[in-house]
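The values are calculated or read from the model by the stated rules, or taken from the named source; none is laboratory data. Only a predicted model underlies this, so the values are computations on that prediction, with no experimental measurement involved. Every residue, glycine as well, gets a Cβ built from its backbone with ideal geometry; the counts of neighbours run over all protein chains shown.
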Amino acid sequence: MKIVHLYPDLLGTYGDRGNVICLAERARWRGIDVTVDAVERGDTLPNDADLIFMGGGQDRAQELIAPELLAMAPRIGEAAARGAIVFAVCGGYQLLGSRYDEVPGLGLLDLYTEAGDDRILGNASIDTAVAGTIVGFENHGGRTYLGPGAKPLGRITAGRGNNGTDGTEGAIQGNIIGTYLHGPVLPRNPAFADALLALAIREELRPIDDVLEMAAHERGLELARKRRH
Amino acid sequence: MSLRQIVAARTGRLVGAASRLTGFGAGEAVTGKLAHAIDPTLLSALASRVPEGFVVVMGTNGKTSTAAMLTRVLNAQRRNVVTNATGANLVGGVVGALIKHPHAEIGILEVDEAAARSIVPTLEPRVMIWTNVLRDQLDRYFETDIVIRHLENAAVSVRGSLVVNADDPGLVGAAERSGKPVVYYGLTHARDEGSALAADSANCPRCGAPLRYDARYLGHLGRYACDGCGWKRPEPDVAVEPVELRGAQRITVRVCEVDVTLQTGGLGAAYNVGATVAAARQLGIDEHATAKALEGMTAVFGRGETIGNGVLLLMKNPAGGNEGVMQVLEDGYSRILVAINDRHADGLDVSWLWDVEFERLKTTARYVVVSGDRAQDMAVRLKYAGIAVDVIEPDIKRALDLVRAEPFAFLATYTAMLDARASLKGKSERLA
Ligand SMILES: [Zn+2]
């Protein structure tokens with residue numbers, strides 16, 4: 001399978017590459033041949049991607065890359081329509097929406113984001129249909145609201161989620177999935193990683209040893225429950 | 001000083017002494033915090049009593065070490081120096097240090113970027129050192145761009161010069177915008193295989209184009225140029241040439257044709273020597289005197305410090321972690337203990353562990369223990385780096401007991417390092 005990592009240099013503020021490492025290793029441990037292509041500034045999107053990953057960057061980095069990403073949006077959309085999985089976290093998730101305040105996004109997810117008064121920050125957990133409980137760390141100033149075309153990835157069980165008011169977290173629309181649980185969300189949520197892999201290659205995956213991953217998952221759940229706001 | 005200021009200072013001092021006795025926190029910072037709360041004008045009154053003014057050290061990594069180096073140089077000149085040596089770099093720590101040293105002639109103060117606004121304008125520093133701006137505790141500072149803005153704002157009240165790391169393009173951009181006189185220091189070369197991860201300022205501060213690197217030492221630190229507009233790394237006024245720069249316990253650098261050997265490791269130490277030589281010059285001290293004072297200096301808190309069989313490497317952020325990993329690799333340690341906490345001083349978010357290239361330790365690691373509040377996350381990180389974890393022991397004391405019989409490398413976040421040092425020092429003193 002081919003994993004494409006969009007702009008790891010600019011969109012990777014919080015260890016986002018952990019997701020790509022996690023997906024690639026978990027596929028390899030099952031004997032699947034994996035290549036990882038990094039798309040940097042000036043590159044074109046490979047047309048044989050099975051999974052496209054996009055992380056979050058600093059404001060200035062996202063501004064820098066926005067024109068190129070916007071131009072690439074139709075090709076990302078075509079890849080998803082052809083069956084590729086598009087997975088984005090944090091800033092990348094916001095970019096997939098129609099806009100952040102007045103700044104246009106890629107328009108691939110039916111959602112928009114507005115700047116909030118404070119920062120949503122801390123350990124969080126959500127309940128999802130795709131992968132059960134997912135734990136992570138949220139750290140964003142935006143408030144994201146889903147339109148009718150997108151479904152939430154999950155319901156917040158601890159933390160504040162998309163906007164701190166409606167209990168939703170993340171979004172799914174066809175093969176495009178986004179979440180505010182930022183940075184390396186997949187290594188602590190092996191079921192989520194495997195769900196994405198299985199969707200990307202359209203095959204069931206055999207179980208592997210997840211003792212360490214689940215210990216980190218449980219720890220994350222404990223931390224999320226302890227969070228005060 | 002007004003009566004209120006005297007009362008504030010005295011009350012603070014009493015509480016600070018009590019806090020030292022009872023073992024709660026560093027006394028100075030407690031003294032200062034309380035005194036500042038009683039009278040917020042105290043900082044200004046105390047600062048005005050320091051006749052030769054202040055050197056302020058700011059930046060992500062290397063503040064404590066650089067301040068310690070410059071203090072050592074001034075002490076060798078028999079100057080009475082006030083410094084916040086315990087790393088107490090918020091307003092309380094600064095006020096506390098000034099209360100404790102009423103007869104100081106000059107101040108060398110490290111100042112937290114986010115706290116600078118309430119400290120630096122009062123100090124009107126004669127020299128301000130910028131070490132680097134690296135990704136650090138993003139749950140607290142959010143973005144390195146914001147930190148750079150804090151530095152630029154702090155520069156406004158500098159009366160003399162900025163001393164700036166020429167190898168950090170983000171800092172150079174900010175220094176140019178400040179309009180202040182700038183003295184640059186930088187490395188002539190370094191290991192070339194440095195990690196390119198967590199490179200935050202890899203874009204030209206003038207035109208935004210990606211910078212081209214001829215050499216990359218660590219993160220975005222290196223020798224860079226912009227093909228877009230021709231902007232490039234300024235030639236350093238103080239060039240540091242690494243003579244021996246490997247491992248965690250010893251480096252030799254040549255600065256202005258003078259050699260300095262330190263009993264500490266890492267690229268960071270080499271940079272700190274450059275910053276110290278450049279700042280000392282601004283204070284009228286030449287490089288020969290500076291080099292002589294620095295010769296043989298040992299590591300400060302967790303920067304290649306050795307206690308018993310352990311070499312201690314503080315890992316606060318990806319850059320520090322990648323530097324620590326390189327030192328462990330160069331020294332060939334096969335026993336490795338990594339301790340990760342997520343308390344306030346460490347940062348609540350441990351995502352950055354994935355920006356440290358632990359993969360590099362695959363060839364050397366033979367016995368690996370992970371510890372701390374987030375031992376489980378660290379174990380996962382190592383698993384995906386292809387490194388087998390032998391034991392997960394969240395309790396740091398017990399984890400140390402597993403490794404300490406033979407030489408080992410200890411990589412740890414700030415509070416994990418505090419815990420480990422207390423435990424190791426206790427044991428080695430009892431044995432002695
Ligand atoms: Zn340029």
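Specify the residue that is nearest to the other protein chains (Cβ to nearest Cβ); the eligible residues are those in segment A:151-197 that are assigned to a strand (DSSP E or B) and hydroxyl-bearing (S, T, Y). Result: A:T179. Going through (1) closer than 30 Å to A:C90 by Cα; (2) part of a helix (DSSP H, G or I) one by one, B:V133 falls short only on (2).
Here B:K362, B:K397, B:K425 are screened, and the one residue that is part of a helix (DSSP H, G or I), within 14 Å of chain A (Cβ to nearest Cβ) and not aliphatic (A, V, I, L, M) is B:K362. Can you name the condition, by its number, that A:V20 falls short on among (1) over 17 Å from the mean Cα position of the chain (by Cα); (2) within 14 Å of another protein chain (Cβ to nearest Cβ); (3) in a helix (DSSP H, G or I)? Exception for A:V20: condition (1).
Could you please let me know if B:D377 is within 14 Å of chain A (Cβ to nearest Cβ), part of a helix (DSSP H, G or I), among the charged types (D, E, K, R) and under 25 Å from A:E218 (Cα atoms)? In short, yes. Does B:G173 satisfy the criteria of being within 14 Å of chain A (Cβ to nearest Cβ), more than 30 Å from A:I120 (Cα to Cα) and touching a residue at least 12 places away in the same chain (Cβ under 8 Å)? Taking the combined requirement at face value, the residue satisfies it.
If I ask for residues that are assigned to a helix (DSSP H, G or I) and in contact with an Asp or Glu (Cβ under 9 Å, 6 or more places away or on another chain), which ones from segment B:285-327 would you list? Scanning segment B:285-327 gives B:E287, B:A291, B:P318, B:A319, B:G320, B:G321, B:N322, B:V325, B:M326. Selection of segment A:101-150 for residues being of a type in the set (G, A, S), more than 23 Å from A:A224 (Cβ to Cβ) and away from every other protein chain (no Cβ under 14 Å) yields A:G105, A:G107, A:G147, A:G149, A:A150.
Only one of the numbered conditions (1) without any contact (Cβ under 8 Å) to a residue 60 or more places away in the chain; (2) farther than 17 Å from B:Y185 by Cα; (3) of a type outside the set (A, V, I, L, M) is violated by B:F301, and that is (1).
Comparison of A:E78, A:E68 shows that the only residue that is charged (D, E, K, R), outside any loop (DSSP other than H, G, I, E, B) and either within 14 Å of chain B (Cβ to nearest Cβ) or in contact (Cβ under 8 Å) with a residue 60 or more places away in the chain (or both) is A:E68.
Restricting to segment A:63-86, what's the tally of residues that are of a type in the set (A, V, I, L, M) and at pLDDT below 95? Adding up the residues that qualify gives 3. Annotation note: Cβ proximity below 6 Å between a residue of segment B:204-217 that is away from the ligand (no atom under 14 Å from the Cβ) and a residue that is outside any strand (DSSP E or B) and not aliphatic (A, V, I, L, M) (sequence gap 6+ or interchain) occurs for B:A215/B:D192; B:R216/B:G194; B:Y217/B:G194. Here is the figure for segment B:235-251: residues that are touching a helix residue (DSSP H, G or I) at 6+ places or on another chain (Cβ under 7 Å) and either outside any loop (DSSP other than H, G, I, E, B) or within 14 Å of the ligand (Cβ to nearest atom) (or both) total 5.
Looking at the structure I just gave you, is A:L181 of a type in the set (A, V, I, L, M, F, W, C), buried (at least 19 other Cβ atoms within 10 Å of the Cβ) and more than 21 Å from B:E143 (Cα to Cα)? No: the conditions fail for A:L181. For segment B:286-299, the criterion of being in contact with a strand residue (DSSP E or B) (Cβ under 7 Å, 6 or more places away or on another chain), under 16 Å from B:D237 (Cβ atoms) and of a type in the set (D, E, K, R) is met by at least one residue.
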